[in-house]
1. Are there any strands (runs of 3 or more DSSP E) wholly within the range 1-101 with 3 or more residues that are within 17 Å of the chain's Cα centre (by Cα), and if so which?
2. Name the one entry in Asp141, Asp229 that is in a loop (DSSP other than H, G, I, E, B), modelled with pLDDT of 95 or more and charged (D, E, K, R).
3. Within the range 10-66, how many residues turn out to be among the small types (Gly, Ala, Ser) and at pLDDT 95 or above?
4. Condition (residue is surrounded by 14 or more Cβ atoms within 10 Å (Cβ to Cβ), assigned by TED's automatic domain parsing to the domain that holds Leu183, at pLDDT below 90 and not aromatic (Phe, Trp, Tyr)) applied to the range 343-363: is it met by at least one residue?
5. Sort out which residues of the range 144-195 are part of a helix (DSSP H, G or I) and either touching a strand residue (DSSP E or B) at 6+ places or on another chain (Cβ under 7 Å) or aliphatic (A, V, I, L, M) (or both), and write them in order of number.
6. Output the residues belonging to the range 364-374 that are buried (at least 18 other Cβ atoms within 10 Å of the Cβ) and under 22 Å from Ala291 (Cα atoms).
7. Only one of Lys345, Lys354, Lys327 is over 27 Å from Ser262 (Cβ atoms), free of Cβ contacts under 8 Å to residues at least 60 places away in the same chain and under 22 Å from the mean Cα position of the chain (by Cα); which?
8. Within the range 143-150, identify whether any single residue is of a type outside the set (Val, Ile, Thr) and in contact with a Gly (Cβ under 8 Å, 6 or more places away or on another chain), and answer yes or no.
Amino acid sequence: MQKYQLYTTMGAGFESVVAKELQSLGYQTRTENGRVFFKGDQADIVKTNLWLRTADRVKILLKEFKAMDFDTLYNETYDFDWAKLLPVDAKFPVQGRSVRSKLHSEPGVQSIVKKAIVNKMADQYHRRGFLPESGNEYPLDVHIYKNTVRLSLDTTGSSLFKRGYRVEHGGAPLKENFAASLLKLTPYDGTHPLIDPMTGSGTLAIEAALIAKNVAPGSWRKFAYDGFDWFNPQLHKDAVEEAKTKVKKVNEPIVASDIDQSVLEIAKVNAHNAGVLQDIYFKQLAIKDFATDLKNGIIIANPPYGKRLKDRESAESLYKQMGEVFKPYSSFNQYFLVGDPNFEKCFGRRANKKRKLFNGNLRVDFYQFWANKK
């Protein structure tokens, strides 16, 4: 089976997390900003789309070259064997991005690449005029960085964070792969209790349950490669069936609480859709009333950020309350994703480690307080 140069994309700051995940799946990796490269065939494209918890997309790198002008961009794109990749009726949207390059007009870059592909396919398929683009979608990507052009085919389609279980949204939830990435920054592997005391729509607790059960996060969805006419459809079916045989039982408690009962109901629907409703203990609880007999586990939460002044005052009051409530639970590693630089001051403790991240466009910090080992 043909080997491809593949790469994954991910949120800023999560390159090392995705690289580790790929390595745990058996791949040798090479990392650069926003991308982790690895090699694989069609079976590997299926495996990584199905199993990666923390990445955004899996792409095939088709061609890489230098281009300082539109003529070179056109000619190098035209020179690729597009008929091998795209059937005559293929729908092939072209996404373009250019950073620190002479060809800085992204619409111009997209237009030239599209034109070169259309003209090459018209020649290869002996067509005149427009191509129908009435068939399956083959999402193409042109990325130029410091005048180096990469042409890629996206095998994923909708981003990998769209697992397919989250029908209801409570407030502004964490994306599924972002939540999984936060969990991968902790020692969590399902062998210790996990508590999310501000669970919202339940994403952190659900992703924790999927990790504990060893459920493939792409089990419920289709991918772009399912529509590629040259892709072996049996590979996806076989991989999903094999993944089902690897599911385990959850042995340690996962507790998800929130002050808002209506939000908890949404979390339960999501957990049901993910097949983990029976694996999570949901309860309505305010932070001030938090208590647990569990020990040696993980407390992880994404508390309100309080961007507006009045909200910020109430958020900082909550952070102070959290510091007081969670202080006695020193056998727990504690992790909090917060967008307020005053968090440690309000919480009353300095974090052992702080990691700068972006939740969408919002700059946030992941504060890590490590347990006192007894």
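The values are calculated or read from the model by the stated rules, or taken from the named source; none is laboratory data. Source: prediction; values computed, not measured. FYI the Cβ positions are ideal-geometry reconstructions off the backbone, even for glycines, and counts take in every protein chain you see.
1. Numbers: elements: 4-9, 30-32, 35-40, 57-66, 94-99.
Because the criterion is at least 3 residues that are within 17 Å of the chain's Cα centre (by Cα), the strands (runs of 3 or more DSSP E) in the range 1-101 that meet it are 4-9, 35-40, 57-66.
2. Values: Asp141 fails: in a loop (DSSP other than H, G, I, E, B).
Criteria check complete, one pass: Asp229.
3. So the first thing to find is which residues in the range 10-66 are among the small types (Gly, Ala, Ser), and the list is 11-13, 16, 19, 24, 26, 34, 40, 43, 55.
If we keep only those that are at pLDDT 95 or above as well, we get 16, 19, 24, 26, 40, 43, 55.
Result for the range 10-66: 7.
4. Yes - at least one qualifying residue is present in the range 343-363.
5. If we filter the range 144-195 for residues that are part of a helix (DSSP H, G or I), which is where we start, we get 176-184.
Once the filter is applied, which keeps residues that are part of a helix (DSSP H, G or I) and either touching a strand residue (DSSP E or B) at 6+ places or on another chain (Cβ under 7 Å) or aliphatic (A, V, I, L, M) (or both), the range 144-195 yields Phe178, Ala179, Ala180, Leu182, Leu183.
6. Tyr367, Phe369, Ala371
7. Being over 27 Å from Ser262 (Cβ atoms), free of Cβ contacts under 8 Å to residues at least 60 places away in the same chain and under 22 Å from the mean Cα position of the chain (by Cα) holds for just one of Lys345, Lys354, Lys327, which is Lys354.
8. Of the residues in the range 143-150, the ones of a type outside the set (Val, Ile, Thr) are 143, 145-147, 150.
With in contact with a Gly (Cβ under 8 Å, 6 or more places away or on another chain) added as a condition, the list becomes 143.
Yes, that holds for at least one residue.
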